[in-house]
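Reviewing the structure listed below.
The values are calculated or read from the model by the stated rules, or taken from the named source; none is laboratory data. Just so it is clear, the model here is predicted, and its values are computed rather than measured. A quick note on method: Cβ atoms are made from the backbone with ideal geometry, for glycine too, and the neighbour counts reach across all protein chains shown.
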Amino acid sequence: SAVISQKPSRDICQRGTSLTIQCQVDSQVTMMFWYRQQPGQSLTLIATANQGSEATYESGFVIDKFPISRPNLTFSTLTVSNMSPEDSSIYLCSVEFTRWGNEQFFGPGTRLTVL
Amino acid sequence: KNQVEQSPQSLIILEGKNCTLQCNYTVSPFSNLRWYKQDTGRGPVSLTIMTFSENTKSNGRYTATLDADTKQSSLHITASQLSDSASYICVIPGRGSTLGRLYFGRGTQLTVWP
């Protein structure tokens with residue numbers, strides 16, 4: 001399996017500010033994914049980040065609000081910009097390994113609270 | 001429309017008891033179904049992956065079943081422990097035009113009481 005770490009694990013932020021979440025994987029992976037999990041809800045895909053190309057965003061998510069970087073095969077960042085209380089969620093990154101039947105492994109998540 | 005429905009939404013059982021969680025899906029085409037366990041404040045962790053041809057798969061005290069004809073899966077937990085308290089999520093990956101997409105159920109929140 002993969003070891004995935006995220007920083008920070010949690011944060012409390014003020015409305016209007018931005019937070020950058022880091023995701024580090026212990027193996028090189030082509031595809032990394034960013035999810036949002038609102039309280040009591042299932043995971044919602046924000047975007048897919050492939051190294052060397054622009055991230056692909058899902059309907060309802062835009063690059064200006066959630067810019068993503070993917071500088072190499074083991075690291076990615078997600079920024080939540082101009083935050084509002086509605087952005088309070090858990091944000092998770094995940095990776096997919098084709099050699100393990102396309103199984104996805106998830107990071108521990110970043111719990112974000114916006115006041 | 002590709003959907004994954006789980007029941008019950010929440011469940012409380014006493015330590016040592018067994019329980020069964022349900023997952024019904026409409027995702028098509030189908031390749032495999034995954035059960036994840038998500039502890040509070042943690043990311044989901046894979047319990048089992050069941051392919052189209054598998055009917056039953058066990059992982060310790062967890063046993064998953066799959067009926068691809070009725071598009072139903074269940075996760076049976078035997079001799080529950082306090083550490084089983086978590087959300088259990090049924091996940092199905094897309095294929096064809098939806099390759100790379102995961103379809104998530106909302107999860108069943110299991111609480112095990114001593």
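Do any strands (runs of 3 or more DSSP E) lying entirely in segment A:7-115 carry at least 3 residues that are among the polar types (S, T, N, Q) and under 30 Å from B:I49 (Cα atoms), and which ones are they? Spell out the reasoning first.
Details: elements: A:10-13, A:19-25, A:31-37, A:44-50, A:68-72, A:75-80, A:89-97, A:103-106, A:110-114.
Of the strands (runs of 3 or more DSSP E) lying wholly inside segment A:7-115, those with at least 3 residues that are among the polar types (S, T, N, Q) and under 30 Å from B:I49 (Cα atoms) span A:44-50.
Can you find, within segment B:8-52, the residue that is nearest to the other protein chains (Cβ to nearest Cβ) among those that are charged (D, E, K, R) and outside any strand (DSSP E or B)? Walk me through it before giving the result.
Narrowing segment B:8-52 to residues charged (D, E, K, R): B:15, B:17, B:34, B:37, B:39, B:42.
From what's left, outside any strand (DSSP E or B): B:15, B:17, B:39, B:42.
Working: B:E15: 25, B:K17: 25, B:D39: 10, B:R42: 5 Å.
Only one residue tops the list, namely B:R42.
Does segment B:31-71 hold any residues that are surrounded by fewer than 15 Cβ atoms within 10 Å (Cβ to Cβ) and of a type in the set (S, T, N, Q), and which are they?
Selection gives B:T40, B:T51, B:S53, B:N55, B:T56, B:S58, B:N59, B:T70.
Counting only residues that are charged (D, E, K, R) and within 14 Å of A:C93 (Cα to Cα), which one in segment A:11-52 is nearest to the other protein chains (Cβ to nearest Cβ)?
Step one: list which residues in segment A:11-52 are charged (D, E, K, R), which gives A:11, A:15, A:26, A:36.
Then keep just the ones that are within 14 Å of A:C93 (Cα to Cα); that gives A:26, A:36.
Values: A:D26: 15, A:R36: 12 Å.
Only one residue tops the list, namely A:R36.
Just a yes or no: is a residue in segment A:89-107 more than 14 Å from every other protein chain (Cβ to nearest Cβ) and among the acidic types (D, E)? Spell out the reasoning first.
Residues of segment A:89-107 more than 14 Å from every other protein chain (Cβ to nearest Cβ): none.
Looking through segment A:89-107, none of the residues is more than 14 Å from every other protein chain (Cβ to nearest Cβ) and among the acidic types (D, E).
Only one of these conditions is not met by B:S87: (1) buried (at least 16 other Cβ atoms within 10 Å of the Cβ); (2) away from chain A (no Cβ under 12 Å). Which number is it?
Here B:S87 clears every test but (2).
Return yes or no: is A:D87 modelled with pLDDT of 95 or more and surrounded by fewer than 16 Cβ atoms within 10 Å (Cβ to Cβ)? Explain how you work it out, then say what you get.
Working: modelled with pLDDT of 95 or more: yes; surrounded by fewer than 16 Cβ atoms within 10 Å (Cβ to Cβ): no.
In short, no.
Being in contact with a Pro (Cβ under 9 Å, 6 or more places away or on another chain), of a type in the set (A, V, I, L, M, F, W, C) and modelled with pLDDT under 95: is that true of B:V27 here? Step through it out loud before you land on a result.
Numbers: in contact with a Pro (Cβ under 9 Å, 6 or more places away or on another chain): yes; of a type in the set (A, V, I, L, M, F, W, C): yes; modelled with pLDDT under 95: yes.
Considered against the rule, which asks whether it is in contact with a Pro (Cβ under 9 Å, 6 or more places away or on another chain), of a type in the set (A, V, I, L, M, F, W, C) and modelled with pLDDT under 95, B:V27 comes out as yes.
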